[in-house]
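Right, one structure below, let's go through it.
Just so it is clear, none of the values below were taken in a lab; they were calculated from the coordinates. A quick note: this is a predicted structure, and the numbers were derived from the prediction, not measured. Cβ sites come from the backbone with ideal geometry, for glycine too, and all protein chains shown count toward neighbours.
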Amino acid sequence: MAAHPKSPVESGPILEYSHIYHAEAQIFSGHLEHPIKQPIEPFGRVVLENTRRETLITQQVGETNIEGLISFKRGHARVVGTQVKHKTDILGNDHAGWVTLSTAVLEGFNVVDILTADRVVAQVSTEHPMVDGHVPKVTFLGSRFDNLRIGGYPVEVELDLEICGSKPDGDRSYLEDTAFLDRVERQIDHAADTKGLPETLEKQYDAKIAYIDDLKRRANGDPKAPRAGYSKLQCSLIKSIGPIPIPGVKTFGNLIFVPNFGTIALAELEVGVGPSHGHGFSSEQNGSSAEPSDSNYFTLNMFDLKLGCPVGGGGSGPGVSGNGNTRP
């Protein structure tokens, strides 16, 4: 009797990894309330939305003057999504993966001849590795203030570009990384210890600390920790702000209060987890996938202005945002 040939060994399906790019940048946007009521539509906004295609999008904006109150000489925005298949640096670190870069630059910025800056850069880059790549490495390298001044006085700013730290172990979200949460908590504690802290800020800081405690409980597996909705956490790239010799000017963390002008928040950062196209990435492009899934995102605004008397309104920029999603 002839022997039956051996059946081929059945193997499971071969997983093919893919990546959806998301990135956004804008130079400036906002609104005026008085002496004139007027929206300030986003200048130079570029968006890389829910696409698998490697892409570079840029936009330039020339000299702009908004009712003689807010002006800038020029600006540009750029978003990049690309795959790096083989890259090892001189230290032996593997950088193969999917990379997004989002950049917004504002030059010759002037708000009511009180807040000025020669050049301001917001930049965020995310790198999703080929292995354990659902949560990215992130860097803000390139973000900076050049010749920032208030009332003509230089403002010395020290940035903490490593506030997010290393990519969390085990492909965990940054909001599940106790080392990151500890750094943000120390940042808030330092701001809360400022002499003369207004009661409104004190309540805000207390609420943030309580929220971070909840996130830590979730990270440590506490079944009673709140879990409703998607999570996000606000912090800042600001490590310190030098003294500003103007009567009445006060600083609280990354906030600068200027009498008869308003409040300036510097380098505001939001780190969150949500639908991959649910944070400013809502449209489809050709070659895209519309299926939503969770991913870490990072949104940075170098200025967030709340203007008071005599000019009322607000504005933010230059601003960038980036995230992405690796499948399966």
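Things worth noting here:
- Here the range 230-251 is scanned for amide nitrogen atoms under 20 Å from the site 7 Å beyond the Cα of Asn147 along Cα-to-Cβ, giving 242, 244-245.
- Extended-chain gain in nm, criterion 0.36 nm per residue less alpha-carbon gap, Ile209 and Ala96: 37.0 nm
- Spacing of the two label points (7 Å from each Cα toward its C-beta) at His86 and Cys309, in nm: 6.8 nm
- Taking the fewest neighbouring Cβ atoms within 10 Å as the starting point, the ordered list for Ile90, Ile209, Ile264 is Ile90, Ile209, Ile264.
- Label-point separation, Lys73 to His34 (7 Å along Cα→Cβ), nm: 3.4 nm
- Rounded to 10°, Cα long-axis angle of helix 199-219 versus longest principal axis of the chain: 10 degrees
- Relative contact order, percent, the range 18-327 [alpha-carbon distance under 8 Å, six or more residues apart]: 22 percent
- Rounded tilt (10° steps) of 178-192 against the dominant C-alpha axis of the chain: 10 degrees
- Computed helical MRE - 222 nm, the chain, DSSP H runs ≥ 4 contributing -39500 (n - 2.57), nearest 500: -3500 deg cm²/dmol
- Ranked by the mean number of other Cβ atoms within 10 Å of their residues, highest first, the peptides 162-170, 112-120 come out as 112-120, 162-170.
- Listed peptides 196-208, 72-84, 17-29, 171-183 by packing density, highest first (mean Cβ within 10 Å): 17-29, 72-84, 171-183, 196-208
- Across Pro154, Pro42, Pro226, mean-square fluctuation computed from a Gaussian network of the chain (C-alpha pairs under 10 Å connected) peaks at Pro226.
- Listed residues Leu201, Gly68, Ser166: farthest to the positive end of the dipole of the chain (Cβ charges): Gly68
- Taking 1.306 mPa s as the viscosity and 10 °C as the temperature, the Stokes-Einstein diffusion coefficient of the range 18-327 based on its alpha-carbon Kirkwood radius rounds to 78 µm²/s.
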